[in-house]
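Reviewing the structure listed below.
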Amino acid sequence: MTTDILVIGGGIAGLSFAIKTARKRPDLNIIVLTKTVENESNTRYAQGGVAAVWDFEKDNFKKHIADTLDAGAGLCGKKAVEIVVKEGPERVREIIEWGTRFDKQGAAYDLGREGGHTENRILHFKDLTGWEIQRALIAEAKKFENIKIEEHYFAVDIITQHHLGYHINRVTPDIECYGCYALNKKNNHIETFLAKLTIMATGGTGQVYKNTTNPRIATGDGIAMFYRAKGRVENMEFVQFHPTALYNPAGENPDFLVSEAVRGFGGILKTKEGEEFMQRYDERGSLAPRDIVARAIDNEMKVRGTECMYLDCRHLDKQKFYEHFPTIYDKCKSIGIDPMEQMIPVVPACHYMCGGIQTDAYGRTSIKNIYACGECSCTGLHGANRLASNSLLEALVYAHRISEDVLKRADKVKIKEGIPNWNAEGTTDPLELVLMTQSTKELKEIMSGYVGIVRSNVRLKRALDRLFILYQETEDLYHATKLSPQLCELRNLITIAYLITRSAALRRESRGLHYTTDYPKELPFLDTTIL
Ligand code: FAD
Ligand code: SIN
């Protein structure tokens, strides 16, 4: 299969890029791959909304920039922050033009508040903002004949000079991307997709932990593929745990999120006995940035030996609560909690990967002809901790910038010839799937037990030792077994787990989302580049 532009991923990043590019160049063919159905993505589950300066009478760029920098704990790229905050409103206006609905109060948009924001600036659609954005983007993309969304195609590896027989390592200059190999899940064949330019937009990595708000597709495939191809990734130690996933004793994957917008609406974190505790950790109380709130909840649970803490919404107006948070209300009711009568039990869960594929201001990466966009990228915006609702905004802004760069370059790049087909020689069907499912379980246990919200040297070393065994076993399986989505995901998750743990071990300080009991203070400068 050849195409002008290959987009791996059909969430907000991949689709908004495809729509922009297709509109400006109807003569360019764009293929968008999704590993399952077209509307399954992290995007679809976003609840709180999109942060953007909207009410210029009360808010301004300076304040949004300051809030983002403050949350990022000194590691944000200032240029990236300025770009996203200043270009954000225009990009949000575009998706409104493409049919995205946001809630209004009268004629004006109803702007919500979340942790770390000093103003109300979150545009939202009830508690289903991501679902609405995904719906509108798919509908808009389908208007373009030159966009083809291919469902159930699992990208396995990006193609580089390595596949032409050249030896490549992490310091090889001018590595180039020619497309990707992808497993067609409908017939189990590995197909070759050749493209002039490729956009990696594969989303998050949450499934590396036992408890996560991320859907099952979030296995870090793009970051893992890119790292295997010897590209540069960074900031992988900064894994954001959302403070308030719904505590469901029955267990579920993914964990259901109770949006931070509920706290913005007046919900208060409390102990089982009904006492507020957040003021002891931060003067902003329940609306402090996420790293602080998640750590506080984790600490309170450990000290008290409890399974969860509580979010009290009983004092809020029932009608208004239901209008704003119908999905959260119904979900709580489905497990026997009436949020208007009982406190909602909550626990922290892995939520967002702040690190990823290193990019510049136009989404360009260390490998030529491949860009990265959305949660799999690391643009510099989030630094050591992402400000709530900045992620959807970042994806929109960088999709636009990547599109601008792609439009300048698409006619200058040629499709590479002579790429061999995938070589599956010597592999056989797996005898037992239990080897993979068991290893995946072990991996999640290791990461949740040793590389969670609070880390230490001993825990990180233990994790690395155990990950190495899993890595060896899985590589053996990979070389002997026909590829399956389960095997690819396990292999990718192990790579992600390694990158998180190794980066955490290299960061001998506590900063933002990375907290270690061995080095509880921030240092002025630390190089944690993984070569
Ligand atoms: P995704 O939307 O995850 O899309 C990834 C795409 O890549 C999918 O189409 C998938 O099929 C495809 N893909 C992945 N691997 C492969 C592969 N190997 N081969 C082929 N295709 C592949 N952010 C906010 O700003 N505001 C919020 O309110 C908010 N709420 C959130 C609530 C929840 C529960 C979650 C989980 C996240 C939330 N976030 C929020 C974060 C935000 O939703 C994500 O960061 C963002 O949607 C990521 O978009 P994306 O396009 O990068 O990736
Ligand atoms: C939420 O609704 O709490 C999630 C917002 C985000 O992840 O940005």
For segment 33-70, how many residues are within 12 Å of ligand 2 (Cβ to nearest atom) and either part of a loop (DSSP other than H, G, I, E, B) or under 15 Å from the mean Cα position of the chain (by Cα) (or both)? 8
Output yes when any residue across segment 209-231 is away from ligand 1 (no atom under 11 Å from the Cβ), at pLDDT 95 or above, of a type in the set (Val, Ile, Thr) and under 27 Å from Ser510 (Cβ atoms), and no when none is. no
Answer yes or no as to whether Thr192 is in contact (Cβ under 8 Å) with a residue 40 or more places away in the chain, within 16 Å of ligand 2 (Cβ to nearest atom) and either open to solvent by 10 Å² or more (accessible area, probe 1.4 Å) or touching a helix residue (DSSP H, G or I) at 6+ places or on another chain (Cβ under 7 Å) (or both). no
How about segment 108-135: which of its residues are within 30 Å of Val37 (Cβ to Cβ) and open to solvent by 60 Å² or more (accessible area, probe 1.4 Å)? Lys126, Trp131, Arg135
Quick test for you: out of Leu487, Leu506, pick the one residue that is crowded, with 17+ Cβ neighbours inside 10 Å and under 28 Å from Met225 (Cβ atoms). Leu487
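Residue-by-condition table, conditions (1) within 16 Å of ligand 1 (Cβ to nearest atom); (2) open to solvent by less than 50 Å² (accessible area, probe 1.4 Å); (3) within 20 Å of Asp110 (Cβ to Cβ):
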site: Lys35; (1), (2), (3): yes, yes, no
site: Thr43; (1), (2), (3): yes, yes, no
site: Ala52; (1), (2), (3): yes, yes, yes
site: Lys58; (1), (2), (3): no, no, yes
site: Gly72; (1), (2), (3): yes, yes, no
site: Gly77; (1), (2), (3): no, yes, no
site: Glu90; (1), (2), (3): no, no, no
Could you pull out the residue among Arg409, Arg386, Arg401 that is farther than 23 Å from Ile158 by Cβ and not acidic (Asp, Glu)? Arg386
Residue set Tyr310, Tyr281, Tyr247; condition out of contact with any strand residue (DSSP E or B) (no Cβ under 9 Å at 6 or more places or on another chain), open to solvent by 30 Å² or more (accessible area, probe 1.4 Å) and of a type in the set (Ser, Thr, Tyr); output residue Tyr281
Look at segment 316-350 and say how many of its residues are in contact (Cβ under 8 Å) with a residue 24 or more places away in the chain, within 29 Å of the chain's Cα centre (by Cα) and either more than 26 Å from Ala296 (Cα to Cα) or open to solvent by 30 Å² or more (accessible area, probe 1.4 Å) (or both). 6
Filter segment 129-155 down to the residues that are part of a loop (DSSP other than H, G, I, E, B) and near ligand 1 (Cβ under 10 Å from one of its atoms) and list them by number. Glu151, His152
Could you check segment 77-97 and list, in sequence order, the residues that are within 22 Å of Gly264 (Cβ to Cβ) and either in contact (Cβ under 8 Å) with a residue 12 or more places away in the chain or of a type in the set (Phe, Trp, Tyr) (or both)? Val81, Val84, Val85, Gly88, Pro89, Val92, Ile95
Is one or more of the residues making up segment 139-151 within 16 Å of ligand 2 (Cβ to nearest atom), open to solvent by 20 Å² or more (accessible area, probe 1.4 Å) and touching a strand residue (DSSP E or B) at 6+ places or on another chain (Cβ under 9 Å)? no
Could you give me the residue pairs with C-beta distances under 6 Å whose first residue belongs to segment 475-494 and is in contact (Cβ under 8 Å) with a residue 40 or more places away in the chain, whose second residue is charged (D, E, K, R) wherever it lies, and which are 6+ apart or on separate chains? Lys482/Asp429; Asn492/Asp221
Just name the residue that is least open to solvent (accessible area, probe 1.4 Å) out of those in segment 397-431 that are of a type in the set (S, T, N, Q) and within 23 Å of Thr192 (Cβ to Cβ). Thr427
Within segment 98-107, identify whether any single residue is in contact (Cβ under 8 Å) with a residue 12 or more places away in the chain, within 29 Å of Gly266 (Cα to Cα), open to solvent by less than 50 Å² (accessible area, probe 1.4 Å) and away from ligand 2 (no atom under 16 Å from the Cβ), and answer yes or no. yes
Filtering segment 236-260 down to residues that are within 16 Å of ligand 2 (Cβ to nearest atom) and more than 19 Å from the chain's Cα centre (by Cα), which residue is nearest to Ala51 (Cα to Cα)? Leu246
Restricting attention to segment 359-382, the residues that are aromatic (Phe, Trp, Tyr) and farther than 13 Å from Asp405 by Cα number exactly 0
Out of Glu237, Glu176, I need the residue that is open to solvent by 40 Å² or more (accessible area, probe 1.4 Å), more than 14 Å from ligand 1 (Cβ to nearest atom) and among the acidic types (Asp, Glu). Which one? Glu176
Would you call Leu477 buried (at least 18 other Cβ atoms within 10 Å of the Cβ), in a helix (DSSP H, G or I), in contact with a helix residue (DSSP H, G or I) (Cβ under 7 Å, 6 or more places away or on another chain) and of a type in the set (A, V, I, L, M)? no
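The values are calculated or read from the model by the stated rules, or taken from the named source; none is laboratory data. All figures in this text were calculated on a predicted structure; none of them were measured in a lab. Here the Cβ is made from the backbone with ideal geometry for all residues, glycine too, and neighbour counts use every protein chain on show. Surface accessibility is based on the protein's heavy atoms, side chains included, excluding ligands, DNA and RNA. Shrake-Rupley method; radii C 1.70, N 1.55, O 1.52, S 1.80 Å.
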